[in-house]
4 protein chains.
Amino acid sequence: MLVIKDRVRFVETDMMNVVHHSNYFQWFEMGRVEYMRQAGVYLIDLMNLGYVFPITDARCSYKKSAKFDDEILICVDLIELSRVKMVYAYKVKLASDYSILAEGLTQNLFTKVADGSVARIPTAIYEKLKAFHTLNSGGTD
Amino acid sequence: MLVIKDRVRFVETDMMNVVHHSNYFQWFEMGRVEYMRQAGVYLIDLMNLGYVFPITDARCSYKKSAKFDDEILICVDLIELSRVKMVYAYKVKLASDYSILAEGLTQNLFTKVADGSVARIPTAIYEKLKAFHTLNSGGTD
Amino acid sequence: MLVIKDRVRFVETDMMNVVHHSNYFQWFEMGRVEYMRQAGVYLIDLMNLGYVFPITDARCSYKKSAKFDDEILICVDLIELSRVKMVYAYKVKLASDYSILAEGLTQNLFTKVADGSVARIPTAIYEKLKAFHTLNSGGTD
Amino acid sequence: MLVIKDRVRFVETDMMNVVHHSNYFQWFEMGRVEYMRQAGVYLIDLMNLGYVFPITDARCSYKKSAKFDDEILICVDLIELSRVKMVYAYKVKLASDYSILAEGLTQNLFTKVADGSVARIPTAIYEKLKAFHTLNSGGTD
């Protein structure tokens, strides 16, 4: 599990005094991007190779409201990987007491930017993600 | 089913040339607010009565990418209602050909703003939502 | 002056119970896009021709806070036009009483997407904007 | 001058492959909040005392486009302070080469949340901001 830390922005709050629920999906994305970066996979490189990676499914269960200025931990796990898709699971925690604010999941599909068809990513990229996943989950895969 | 129409904003796009997936949850919210408004239930009134209505679950499946300037239809159904929660289902369609862009679901819980505890909304408000739901779904409830 | 109408979204509010100030720049953009559309100029066409049109200056003075669910009028004027830049002026008003919520201004520069250099837009596009501006401002230019 | 570092989020980009201009005002806000925090002034405390601090003027000049994943520096200076208002100036720089992406300015007015009237903040809070400003600008005030 990879963990990044961030702080709730004022603009992320709404008139119920808490973070608007749509922002969690942006936090998930920050975690996902960092996960891939640490695996040595850069979204820009994928895009330059003609791939895009649209989200095909996203969900979040909210346990407790994040508030302005809270320090949060975004915890990310790659739970399913193939050459055509990635599924990530997330937990957002309050940094102060590790209480869980939300849990979620997203699925990306790799597609060709040219025609939108599903595409298999190059082996080199797949292997980087797989190796990092193995390392990161502490398993033997 | 209630339907509202809107148009994709430039700011809602991302560098993959499509609408960022987090925006669909904001569109769902616009549909939900309109549904309640047409039922005669105003969020402001609920807040003035000391209730808030946090989202406890949100999910979306993406079928096809919305693009800048697309006219979209946001279709909303109240699929579960009690005095402590509401579940809405959504479809987002392209206005030009009614193709489905995304389908989703959200659950709100009614809580007291004072202490965050789950709260039963007043009968008058519940009855308005129920009556509109019955009318809107064309059923006899 | 061109006027469009919209309604404040819940997500646009912040914990001060009003619309977050950054959203006004998104409203300005909606007005600007509509202005160009009515002039027969589509951003997509410009992009397909290899132009982009970054904002180089943006400003807003806030007079009164917009609130959730307010119906607003976004009023747009093209106040300066050349083949390399456009300056628009905006007023955002409350639809209910026409009181002014904010006034602002933006400047776009036309540039080539390939190298970012300043570029002169094609005469046909410039003439459409100019003609609509003349028509819209009721003047003789 | 106070400097904070952040990284451009994917969601902050638009279909022109750069950061949407409205996001810079959110970055300014992050810098402003951090400035006040380091001065020992917490927005939450001000709000609990019955003050709000709406932005009354905001402007930004854009020099160069920030892109996805760029590390950025948000540089903040308090350039005018009284018991009823604060004016901050900002520079956003690319962390890699210190080139300037944008420069801007915002003005906040202190008002009473109860009736929106302009209000003078308590001396203790004013003095904290003033002391930090003096320290931070290296001057003798």
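The values are calculated or read from the model by the stated rules, or taken from the named source; none is laboratory data. These numbers come from a predicted model, not from an experiment. Virtual Cβ from ideal backbone geometry, glycine too; neighbours counted across all protein chains shown. Calculation scope for accessible area: heavy atoms of the full protein, side chains included, ligands and nucleic acids excluded. Shrake-Rupley method; radii C 1.70, N 1.55, O 1.52, S 1.80 Å.
Placing a pseudo-label 7 Å from each Cα along the Cα-to-Cβ vector at B:R7 and A:K5 gives an inter-label distance of 4.6 nm.
Here the chain B residue lying nearest the rotation axis onto A, judged by its C-beta and given with the distance in whole angstrom, is B:R59, 2. Against chain C, whose longest principal axis is taken from its Cα atoms, helix C:123-137 shows a tilt of about 40°.
Normalised by the residues of segment A:77-141, what does the relative contact order come to in percent, with Cα pairs under 8 Å and at least six apart? Reported as a whole number, the value is 27 percent.
Inter-copy label distances for D:R83: 5.1, 5.9, 7.2 nm (label point placed 7 Å from Cα along Cα→Cβ; shortest first).
With its label point put 7 Å out from Cα toward Cβ, C:T123 sits 5.7, 7.2, 7.7 nm from the same residue's point in the other copies, in order from shortest. Here the accessible area is traced with a 1.4 Å probe on the protein chains. For segment D:5-141, carbon and sulfur cover 50 percent of it.
The magnitude of the dipole of chain D, with charges of +1 and -1 set on the Cβ of Lys/Arg and Asp/Glu and taken from the Cα centre, is near 200 debye. An ellipsoid equivalent to the protein assembly as shown, defined through the eigenvalues of its Cα gyration tensor, has semi-axes of 32, 31, 29 Å when rounded to whole angstrom and sorted largest first. Summary for C:K112: label point 7 Å along Cα→Cβ; distances to the equivalent points in the other copies, ascending, 3.0, 6.1, 6.8 nm.
Taking the C-alpha atoms only, the angle from helix C:23-38 to the longest principal axis of chain C is near 40 degrees. Legend: mean number of C-beta atoms from other chains within 10 angstrom of residue C-beta atoms, peptide B:19-31, equals 6. Only Cα sites of segment D:26-141 enter the Debye sum here, all with the same form factor; the resulting log10 I(q)/I(0) across q = 0.23 1/Å is -1.30, listed in q order. With equal scatterers on the alpha carbons only and no solvent term, can you work out the Debye log10 of I(q)/I(0) for segment A:21-91 at 0.12, 0.16 1/Å? Rounded to two decimals, the profile gives -0.37, -0.64. Between B:Y51, B:Y24, B:Y90, the residue with the greatest mean-square fluctuation in the GNM of chain B (Cα pairs under 10 Å linked by springs) is B:Y51.
For segment B:71-141, the Cβ-based charge dipole about the Cα centre amounts to some 320 debye (Lys, Arg positive; Asp, Glu negative; other atoms uncharged). Remark: mean inter-chain Cβ contacts per residue of A:49-60 equal 5, using a 10 Å Cβ-Cβ cutoff to other protein chain atoms.
Need one word for segment D:76-140: rounded, prolate or oblate. Basis is the Cα gyration tensor (sqrt eigenvalues a ≥ b ≥ c); a/c below 1.5 gives rounded, then a/b vs b/c decides. Since a/c reaches 1.5 but b/c is at least a/b, the shape of segment D:76-140 is classed as oblate.
Every helix of 4 or more DSSP H residues in chain B counts as -39500 (n - 2.57), and over all residues that averages to -8000 deg cm²/dmol at 222 nm. Ordered by solvent-accessible area of protein heavy atoms (1.4 Å probe), largest first, the residues B:R7, C:R9 come out as B:R7, C:R9. Sequence gap at least 6, Cα distance under 8 Å: using those rules, report the relative contact order of segment C:1-118 to the nearest whole percent. With pairs under 8 Å counted, the relative contact order is 31 percent. Put a dot 7 Å past the Cα of C:R37, heading toward its Cβ, do the same for B:S96, and the two dots end up 1.2 nm apart. Pairs exceeding a 30 Å alpha-carbon distance, out of C:K64/D:K91; A:K64/D:K67; A:K5/D:K67; B:K130/C:K63: A:K64/D:K67; B:K130/C:K63.
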